[in-house]
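The values are calculated or read from the model by the stated rules, or taken from the named source; none is laboratory data. None of the values given here were measured: they were computed from a predicted structure. Quick reminder, even Gly has a Cβ in these numbers, built from the backbone with ideal geometry, and neighbours come from all protein chains shown.
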Amino acid sequence: MTPVLISIKQVAELLSLSTRTVRRAWYSGELPPPIRIGRSVRWRLLDIENYQGNYDGERLQTNRT
């Protein structure tokens, strides 16, 4: 079965975050790694759902510099 892939915008909607916060979490390693298809970046829906199940509701530890 082919995995369902979702965009950064869809990840943001699922996690109730901005796309910028999703990018910060991705760069800091807090989110599961995405899959690159050419220049596109996609996440497996299953990975995000698993992350969401383990997410305790606290703010992501994204450091701004």
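Is there a residue being modelled with pLDDT of 95 or more, touching a helix residue (DSSP H, G or I) at 6+ places or on another chain (Cβ under 7 Å) and part of a loop (DSSP other than H, G, I, E, B) anywhere in region 51-65? No, that holds for no residue.
Here region 35-47 is the region considered, the condition is being without any contact (Cβ under 8 Å) to a residue 40 or more places away in the chain and within 12 Å of Val4 (Cα to Cα), and the residue that is farthest from the chain's Cα centre (by Cα) is Ile35.
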